[in-house]
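The values are calculated or read from the model by the stated rules, or taken from the named source; none is laboratory data. These numbers were taken from a predicted model, which means no experiment stands behind them. A quick note on method: Cβ atoms are made from the backbone with ideal geometry, for glycine too, and the neighbour counts reach across all protein chains shown. These area figures cover heavy atoms from the full protein model, side chains too; ligands, DNA and RNA do not enter into them. Shrake-Rupley method; radii C 1.70, N 1.55, O 1.52, S 1.80 Å.
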Amino acid sequence: MKIFVLGSGAGGGFPQWNCNCPNCKGLRAGTIDAKARTQSSLAISDGGEDWLLVNASPDLRAQLEICPALQPGRAVRDTAIVAVLIVDAQIDHSTGLMTLREHTKRLPVYCTPSVHSDLTTGYPLLNVLEHFCGVDWHPVDAIGRKAFQIPELTGIEMHPIPLPGEAPPYSPRRHQPAEDDTIGITFIDRASGKRAFYAPGLGDWTEPVLQEAELADVVLIDGTLWKDNELADRGAAQKTGVEMGHLAQTGEGGMLDRLTPLTARKILIHINNTNPILDEASPERAKLTAAGIEVAFDGMEIDLA
Ligand code: MLT
Ligand code: MN
Ligand code: ZN
């Protein structure tokens, strides 16, 4: 099983178009040691030929260019993307569906009923796509933790779990999220039994999260914020991590406390542009490195054979 990180940034990407926080400004000026990052997405494959797109980012078009395997060029109109899996209905995880409108067949989309509901009402991307390639929705039962497979990717089994989070601003469930507004997925390589647990939007650790993380060989987990009040602290916005459904790395019971005891390879993903860990020379980054925690970057490849 191969995982390719198409985009390791949170909503807005890094640098964000209108942001002059020390990171965004420093990256543009070349005064900090950091890499630009596009918005949150992965591609995953069993044999490297057919790929599942996991989240469709607004940056998808540019992301496909950094992963040549996704454009195999077998016909005039072609793609290696066989399906799309969406873990929440947020803009950064769904807007790339518009980029896929020229697909020559109906596009298989895997998401939960709550995500499907937001993507057909408050942010009706799936309705719009009906005027282009059209979508075949495959419901994901995260509440029932029902394992599923994509027909073209028989080497990978997917185990969804509900995650504590928030529903998007355009959802009627904004501050009373349903259990399946935000989900995590364990991808299991059926040949080797190796497991990757992916949870880019995690508000808190629950028993199922702990179980999946403990069983995993790799965790790719919410790295949005270093501190819960980081946005306010940087003068960027008033929202806290808790309000956005993102558990910060620091603080009692924060991501560092949770990840440190795990035996898995630990990788933070969905990093917000305000997060000091983006500066590779920062003391915060050194602290992660000392704890054995990596920071995902665009183009990162993980091979779980
Ligand atoms: C989030 O993860 O909280 C959202 O994606 C932020 C956004 O894209 O506006
Ligand atoms: Mn997001
Ligand atoms: Zn910024």
> Between exposed GluC sites (Glu not before Pro) in the chain, where DSSP calls loop and at most 14 other Cβ atoms lie within 10 Å, what's the longest gap?
Replying inline: 131-251
> In percent, how large is the relative contact order of the chain, given Cα pairs closer than 8 Å and 6 or more residues apart?
Replying inline: 20 percent
>> Sort His246, His159, His175, His93 by heavy-atom solvent-accessible area, probe 1.4 angstrom, most to least.
In response: His175, His159, His246, His93
>> Quick test of your reading: applying the under-4.7 Å Cβ rule, which cysteines of the chain are isolated?
In response: Cys21, Cys67, Cys111, Cys133
> For the chain, what number of Lys pairs, 8 or more residues apart or on separate chains, have alpha-carbon atoms under 26 Å from each other?
Replying inline: 21
> Quick one: accessible area per residue over the chain, 1.4 Å probe, rounded to a whole number of Å²?
Replying inline: 41 Å²
> For the chain, modelled as a Gaussian network with Cα springs under 10 Å, which listed residue fluctuates most, Arg258, Arg74, Arg190?
Replying inline: Arg74
> Of all the accessible heavy-atom surface of region 2-299, with the other protein chains kept in place and a 1.4 Å probe, what percent is carbon and sulfur?
Replying inline: 52 percent
